[in-house]
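Reading through the C-alpha cells given below for one structure.
The values are calculated or read from the model by the stated rules, or taken from the named source; none is laboratory data. Quick caveat, the model's predicted, so the values are computed rather than measured. Because the Cβ atoms are built from the backbone with ideal geometry, glycine has one as well, and the counts that use them run over all protein chains shown.
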Amino acid sequence: MPCKHLACATLLIAFAPLSSCSKPQAAPEAQKAPVESKPSSPTPTTASASASVDQSITTNVGDPAKFRELMTALQQGIQKHDASAVAALVDYPIDIDPHTKQVLHIRTPAAFIAQYDSIVTPHIADVIQKQKYEDLFVNYQGAVFGSGEVWIAGICKDKACKQSEIKIRTIQNTDGRSR
C-alpha cells in the first residue's frame with residue numbers, strides 16, 4: 001500500500017539509509033569479545049576487531065589459527081596465480097556463480113584448475129587480495145570475503161562434527177549486482 005501520509009513518508013526517508021547497508025551487523029556475541037592487546041597490533045581498534053573476529057570464527061567456523069592459515073594460503077595462491085594451491089582450499093563439489101547465464105558445477109580439484117580463470121575472475125581476485133581479517137563478516141554460515149564473493153566455512157566430516165576442516169564453500173561474482 002503506498003504511503004500517503006506525511007508521517008509515513010518521513011519514516012520511509014529516515015529508514016532508507018538503513019536498508020542500503022551492504023554488510024549485516026555482526027552477531028551480538030561477536031561484538032562482546034574482550035579486547036586483547038597484542039604487541040604486533042598497530043592500534044587497539046585493530047586488536048579489538050581481530051579479537052571480535054577470532055571469537056566469531058571460533059563460534060561459527062572453527063579454529064581461528066586454521067582459518068588464518070587458509071586465508072593466507074588463499075591470498076598467496078591468488079597473488080601467484082597458483083590454481084593448484086587455490087583448488088586445494090575448496091570443498092567439493094562446489095557450484096560457482098561467475099555472474100553469467102550458467103552456474104559452473106565443479107566436482108574435483110582438476111576441474112577447478114581447468115576452469116580457474118573463469119572462476120577466479122579479476123573481480124574475485126581483487127576481493128580476495130583486499131580482504132583484511134579484522135574486516136571479515138562472520139555468521140553461522142561462515143566468513144565472508146567482500147560482499148559475498150567468497151564464503152569460508154567449517155565443514156563437518158562426521159555426524160557429530162567432532163572432525164571438521166575449514167574450506168571455501170562458495171565463490172560467486174557479485175560485481176554489478178545490487179548489494
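Restricting attention to region 98-139 and to residues that are under 12 Å from the mean Cα position of the chain (by Cα) and of a type in the set (A, V, I, L, M), the residue that is farthest from Ala49 (Cα to Cα) turns out to be Ile124. Entry remark, region 101-117: residues being surrounded by 16 or more Cβ atoms within 10 Å (Cβ to Cβ), part of a helix (DSSP H, G or I) and aliphatic (A, V, I, L, M) number 2 in total.
Selection of region 126-146 for residues being assigned to a helix (DSSP H, G or I) and either in contact (Cβ under 8 Å) with a residue 60 or more places away in the chain or out of contact with any helix residue (DSSP H, G or I) (no Cβ under 7 Å at 6 or more places or on another chain) (or both) yields Asp126, Val127, Lys130, Tyr133, Glu134, Asp135.
Against the numbered list (1) on the phi < 0 side of the Ramachandran plot; (2) under 12 Å from the mean Cα position of the chain (by Cα), Asp95 comes up short only at (2). Only one of the numbered conditions (1) outside any helix (DSSP H, G or I); (2) touching a residue at least 24 places away in the same chain (Cβ under 8 Å); (3) not acidic (Asp, Glu) is not met by His123, and that is (1). Do we find that Ala87 is surrounded by 13 or more Cβ atoms within 10 Å (Cβ to Cβ), of a type outside the set (Ser, Thr, Tyr) and over 16 Å from the mean Cα position of the chain (by Cα) in this structure? Here the answer is yes, as Ala87 does meet what is asked. Only residues that are at pLDDT 95 or above and either surrounded by fewer than 13 Cβ atoms within 10 Å (Cβ to Cβ) or not β-branched (Val, Ile, Thr) (or both) were counted across region 123-132, and they come to 6. Checked against (1) crowded, with 17+ Cβ neighbours inside 10 Å; (2) in contact with a Phe, Trp or Tyr (Cβ under 9 Å, 6 or more places away or on another chain), Val120 meets all criteria but (2).
So is Ile152 touching a Gly at 6+ places or on another chain (Cβ under 7 Å) and either closer than 21 Å to Gln76 by Cβ or among the charged types (D, E, K, R) (or both) or not?
On the way: touching a Gly at 6+ places or on another chain (Cβ under 7 Å): yes; either closer than 21 Å to Gln76 by Cβ or among the charged types (D, E, K, R) (or both): yes.
Yes, satisfied.
Specify which of the listed residues (Ile96, Ile152) is aliphatic (A, V, I, L, M), part of a strand (DSSP E or B), at pLDDT 95 or above and surrounded by 14 or more Cβ atoms within 10 Å (Cβ to Cβ). Write out each step before concluding.
Details: Ile96 fails: at pLDDT 95 or above.
So the residue among Ile96, Ile152 that is aliphatic (A, V, I, L, M), part of a strand (DSSP E or B), at pLDDT 95 or above and surrounded by 14 or more Cβ atoms within 10 Å (Cβ to Cβ) is Ile152.
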